[in-house]
Each structure stands twice: as C-alpha cells, then as structure tokens.
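Presented below is the structure to which this report refers.
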C-alpha cells in the first residue's frame with residue numbers, strides 16, 4: 001500500500017505558465033498578487049490533497065524550481081501547510097546533489113520524511129524528467145491526466161485521473177497494466193474491476209487526451225541498456241517473457257497472450273466505439289523475410305481459440321508485408337526507424353479489398369518509437385479501413401545511461417545479459433571485435449557486491465565440478481587471502 005505521494009510543482013499541482021518568465025529570470029520579487037492573478041491549483045488538486053491527507057498519506061513536493069519561487073506561490077495560494085516536505089532546486093544544490101532527472105531530489109524528500117524508496121511511494125509529474133527521476137529513485141512514476149496536455153515519451157507506472165489517484169489506495173492492483181498482471185499469473189484469471197492500459201498516440205508517446213488515442217498498450221518492457229531499467233527487467237515478468245524472443249530463434253508468444261487479445265476484443269469496443277460496432281478484422285505486424293513469423297503464428301492461435309462470440313471477426317495475417325531487404329529496427333535511431341518503416345513495410349498485393357470499410361485491430365508485441373505500428377495504421381487507413389486501432393503488449397521503458405568506459409581498453413561498456421541465469425552485467429563492447437587480438441572480454445557486475453569478511457569485491461563464479469554459480473571473494477588469490485563464498489540468491 002502506498003503511503004507517500006510526492007508531486008512535481010509547475011503544471012502538475014499548479015497552473016504556472018503565466019509566471020514562467022519570472023521563474024526563468026530568478027527575479028522572484030516580481031511574484032506579486034497581480035502577477036500571480038492567473039496562478040491557481042488545478043481544479044481537482046484541493047480534493048486530492050484533502051482526501052489523501054485524511055487517509056494518512058504523507059505528501060510532498062519535489063521540483064527543479066527555486067525555493068523562493070515555490071514558497072511565494074504556496075503562500076499566495078495558502079497551500080504551504082498541505083505538504084509534509086518541500087524539496088526545491090535550491091535544497092538539492094545545497095546538499096551537493098543534482099536536480100531531475102537525477103533521483104536526488106526525490107531521495108532527499110524521502111530522507112526528510114523518514115521513508116525509504118519503493119513501490120509504496122508515488123511521484124506524480126507531467127514531464128519526461130519526472131518519470132526518469134522516479135525510475136532512478138526506485139519509486140512509481142505517475143502521469144496526472146488532470147494537468148499537462150503534453151505527451152511524454154517514456155512509459156510511467158500509471159496515468160491517473162484525480163479520482164483514480166484517490167481510489168488507487170483502495171486497490172493498487174486495479175491500476176496495474178493488464179499484460180503485466182497477466183504475465184505474473186501466466187493467465188488472465190485474476191480479480192480486476194477494469195482493464196487498465198497505457199494510452200499512446202501514433203508516435204508511441206503517452207497521452208492524457210482521449211482524442212489522440214491510437215494505440216492500446218497493455219504494459220511496459222524494461223530496456224536492458226541502462227542499469228536502472230535492466231535491474232527492473234530482472235524482476236519484471238512481462239519483460240522477461242518478451243526478452244525470450246532474443247534468445248530463442250523459434251520463439252512463440254506465451255499462451256496467456258491469446259487470452260489477453262480475446263479479452264481486448266470483448267472489452268475494447270465498449271471503450272472505443274461505445275459498443276456501436278465490434279472489430280471486424282484483426283491483423284499483425286508481419287515478420288521480416290529472414291525472420292520467424294512469430295506474430296503470424298500467434299494470430300492463428302488466437303483464431304483457433306476464438307469462440308462463437310467472435311464469429312463475425314476475421315483474422316488475417318497477410319494484409320501487410322516487408323520488402324526483402326528490410327533492416328532490423330533494433331540498431332536504428334528514432335528518425336531512421338520511421339524512414340525504414342515507411343520504406344520497408346508495405347500493403348500486401350490484393351489486400352485492399354479485404355480492408356475497405358473494416359474496423360481493424362493491428363497487433364504488435366512491443367512499441368518503442370511507434371514508427372512501425374504507425375506505418376501499419378497509415379497503410380490500412382489509406383486502403384479504406386473504417387477505423388484502425390493499434391494494440392501492443394508493451395512499450396519500451398528506457399532512461400538515459402551515463403557513459404562508462406572499459407578500464408582495460410577504454411572502449412564503451414554496455415549492459416549485457418547472462419543467458420544462463422537472466423542477470424545483467426557490464427561488458428566491454430570490444431568483446432564483439434572480429435579480430436581476435438583486438439577483442440576485450442572485460443566484465444563487471446552491474447550491482448557491486450562486497451565480501452562480508454574482508455570487504456573486497458565479490459564476483460560470480462562457476463563450480464567446475466557441479467556447474468552451480470556462486471559468489472566468490474576476489475581476495476582468494478591475494479595477500480592476505482580470503483576464500484569467502486556465498487550462494488547466489
């Protein structure tokens with residue numbers, strides 16, 4: 001159960017666009033009743049604060065604005081006593097720390113509240129840096145639907161209205177993404193009062209305006225390219241399920257995903273079309289010519305599992321195709337992905353007749369930039385579809401990773417995944433050099449562990465006789481020696 005809610009300040013709690021220039025100029029003496037005439041809390045905020053305080057929830061503000069700016073506005077609005085802690089840019093820099101997207105402000109607020117980070121803490125903010133700061137701090141990032149109308153590129157733990165935020169404390173599981181809960185249970189047989197999803201636009205960005213909704217996203221996939229998301233990945237069932245496609249050549253989607261799609265086919269028309277009509281046609285993003293037809297096979301399984309209630313729905317994996325020389329998206333930038341999707345993903349010959357006038361659901365497993373599914377939607381709409389909605393099981397969550405260089409050869413280090421146990425580690429990018437004499441196999445544990453006997457670093461080792469993995473002290477061949485070992489939990 002969450003017991004701490006921290007808020008960003010500008011355009012999350014309070015409408016402050018009219019005094020933006022004063023904030024940026026640092027001339028806080030210009031904040032007068034006259035200049036603050038248009039400054040006001042968002043309409044639902046007083047009720048949210050009142051109800052959360054009645055439930056005993058600790059409330060705070062963590063902002064990159066200066067203390068003088070925030071204190072003047074809070075005093076003007078008579079809101080200072082509503083918060084148990086206020087941490088500003090001034091406090092963070094005075095403590096020798098960094099502002100958002102660094103986690104320091106959130107961690108400083110929790111320290112002053114006497115609380116540790118964890119899933120019992122929500123951080124509510126309207127910008128990318130708020131979401132990244134929350135992930136870095138180890139708390140749950142939440143985007144408020146009552147505030148900013150801007151999109152955000154990184155997936156939060158939730159997008160909540162004011163009523164949702166209050167109700168969250170009655171049953172937090174209700175507001176967890178549907179596919180993430182299904183992955184934990186390996187089925188959809190769990191209590192739910194709603195099918196909670198992440199609303200995305202055609203660019204794969206998270207939105208708070210329903211008119212921009214084009215993609216229903218049912219969960220998150222934690223990237224393995226940064227320490228914070230790779231750490232979350234290791235304990236996240238949906239990310240683990242999705243990652244298997246990288247290590248299993250003939251990977252097939254898990255059985256519970258079939259039930260997830262059938263559930264969406266039942267429930268989504270009520271939300272999207274007010275039950276005026278169902279989906280007529282379901283298709284998928286196809287595999288490339290050189291790849292495994294993972295989603296095509298999956299759609300066949302969905303069709304086989306569909307009962308009489310879906311008798312009017314067609315399942316057709318042959319509407320779209322990739323050109324023969326289509327590139328892999330994984331190594332491309334966002335702009336390159338968009339250009340490649342436009343070039344390589346095409347309408348299949350003769351597909352237009354099956355598309356015209358149909359309400360279509362197009363499925364992809366993971367959305368990163370949204371370029372592929374956006375291209376598919378555009379192709380289907382251009383061919384005359386009555387409506388096209390995207391469905392993705394997850395959106396990639398990635399945060400900026402500080403550069404790390406190999407101490408042996410100075411080449412960049414990368415987060416890599418141990419295929420044996422699924423854990424992550426730092427590995428030198430020189431490991432992949434074609435010439436053997438230029439390779440560098442240097443590695444480091446992503447989460448340093450220190451010996452409980454001598455405090456020297458410990459590393460993972462393999463028992464050559466039995467094959468089991470264990471922690472071993474690096475002091476075993478040093479002076480003085482230390483042979484301390486521990487089981488890997």
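Details
- In this rough spin-label picture, where each label sits 7 Å from Cα along the Cβ direction, the residue 90-residue 192 distance is 4.7 nm.
- The peptide list 90-98, 428-436, put in order of mean Cβ contacts within 10 Å with the highest first, becomes 90-98, 428-436.
- Shape call, region 130-288: gyration tensor on alpha carbons, a/c limit 1.5: rounded
- Relative to the current alpha-carbon distance between residue 463 and residue 410, full extension at 0.36 nm per residue lengthens the span by 16.0 nm.
- Förster radius 45 Å - calculated FRET efficiency between residue 289 and residue 29 (Cβ-Cβ, nearest 0.05): 0.10
- Solvent-free Debye scattering, log10 I(q)/I(0), computed from the Cα coordinates of region 287-344 at q = 0.15, 0.17, 0.18, 0.19 Å⁻¹: -0.59, -0.69, -0.73, -0.77
- Taking max minus min of the alpha-carbon positions on each principal axis, region 302-375 gives extents of 44, 26, 21 Å, largest first.
- Value of [θ]222 nm, deg cm²/dmol, for the chain, DSSP H segments ≥ 4, -39500 (n - 2.57) each, nearest 500: -8500 deg cm²/dmol
- Between residue 112 and residue 323, the C-beta separation translates, for a Förster distance of 35 Å, into a calculated FRET efficiency of about 0.05.
- Between residue 418 and residue 270, the contour length at 0.36 nm per residue exceeds the Cα-Cα span by 48.9 nm.
- With each label modelled as a point 7 angstrom along the Cα→C-beta vector, the residue 433-residue 50 pair spans 6.8 nm.
- Solvent-free Debye scattering, log10 I(q)/I(0), computed from the Cα coordinates of the chain at q = 0.07 Å⁻¹: -0.46
- Computed over Cα pairs, the Kirkwood radius of region 349-445 leads via Stokes-Einstein (1.306 mPa s, 10 °C) to a diffusion coefficient of 92 µm² per second.
- For region 4-175, convex hull of alpha carbons as volume per residue, Å³: 108 Å³
- Alpha-carbon Rg/Rh ratio, for region 244-351, with Rh computed the Kirkwood way: 1.01
- Note on region 200-397: the C-alpha convex hull projects to 11.3 nm² when averaged across all orientations.
- Per-pair calculated FRET efficiency, R0 = 51 Å: residue 450 and residue 71 via Cβ, rounded to 0.05: 0.75
- Point-to-point label distance, residue 212-residue 336, nm (Cα→Cβ direction, 7 Å offset): 2.7 nm
- Computed on the Cα trace of region 51-136, the radius of gyration divided by the Kirkwood hydrodynamic radius gives Rg/Rh = 0.95.
- Each principal axis of the Cα cloud of region 58-102 was taken in turn, and the coordinate range along them, longest first, works out to 30, 23, 16 Å.
- Residues 170, 445, 365 arranged by fewest to most Cβ contacts within 10 Å: 170, 445, 365
Read-outs throughout are calculated quantities, based only on the coordinates presented, and are distinct from any laboratory measurement. If you're wondering where the values come from, they're calculated on a predicted model, not measured in any experiment. As a convention, Cβ positions derive from the backbone with ideal geometry for all residues, glycine included, and neighbour counts pool all protein chains shown.
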